[in-house]
Amino acid sequence: MSTNRQKQKRGSSPPPRRKTSVLTIAFAVAMAFFLVIGMVAIGVTEFFGGNDTDPMQQDFAQDVPDQGDDQEQELRDRIEEDPEDDSALAQLAVLLANSGRVNDAIPYYEDALEHRPDDHTLRLSFAQTLQRHGYDLDAEIQLDRVLEGEPSNVEAMYLLAEIRERGDEQDAADELYEQILETDPDSFYAQQARERLASEDEAPDDAVEVD
């Protein structure tokens, strides 16, 4: 009996193999494709600096000096060594004003102008700083000083006209605009003055009340 069973096992055909589904193969290929794409994307991101916590980048950023701070400190050191260094006083005043620290800039402007009262460029810078931050009365004083020493300074005229206009002194502002046109008709400020005068001409008259 055992011999017959062995003969039957030897003569019997092997069990059929399972066929792999086409859908299964397609799914496996798709998964492999997306896996490769994901790895490539991660590699590109890291290569082009996508990692914000890269210590090399942090060290480099810390090593870059702030030029504005360095210049300010240098000017302060010069003033400490020589409080009458009018050049350092003027430069520090302008630097502080340009960085928005107007209240810090004002005393340096004043000290510099004490040493350089005829520096109309510096005084005009002081007036512009005051005007930009709402100190119109103080700016007006500085602009008047500029025009006393340099009556043909059309920039000072224009800034003063703007102050007059904001103060509801339209006639006084128009006189200054006209003066700019007579003094330097080809200047930038003459062009601005023409536009301001033209805008007034185009403005509708106040409505007249009818009884």
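Readers should treat all values here as calculations from the given coordinates under stated rules, not as data from a laboratory. Worth saying up front: this structure is predicted, and the values here are computed from it rather than measured. So basically every Cβ, Gly included, is an ideal-geometry build from the backbone, and we count neighbours across all protein chains shown.
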Practice item. Within region 162-185, count every residue that is surrounded by fewer than 13 Cβ atoms within 10 Å (Cβ to Cβ), on the phi < 0 side of the Ramachandran plot and outside any helix (DSSP H, G or I). Key: 1
Exercise for review: Kindly indicate which of L130, L143, L137, L159 is hydrophobic (A, V, I, L, M, F, W, C), under 21 Å from A93 (Cβ atoms), out of contact with any Ser or Thr (no Cβ under 6 Å at 6 or more places or on another chain) and surrounded by fewer than 16 Cβ atoms within 10 Å (Cβ to Cβ).
Suggested key: L137
Exercise for review: Check region 84-101 and report whether any residue there is under 30 Å from D201 (Cβ atoms) and within 31 Å of the chain's Cα centre (by Cα).
Suggested key: no
Study note, to complete from the structure: R123: passes all of (1) under 27 Å from Q73 (Cβ atoms); (2) of a type in the set (D, E, K, R); (3) surrounded by fewer than 18 Cβ atoms within 10 Å (Cβ to Cβ) but (3)
Review point. If only one of I79, I163 is within 25 Å of L181 (Cα to Cα), over 26 Å from the mean Cα position of the chain (by Cα) and of a type outside the set (S, T, Y), which one is it?
Key: I163
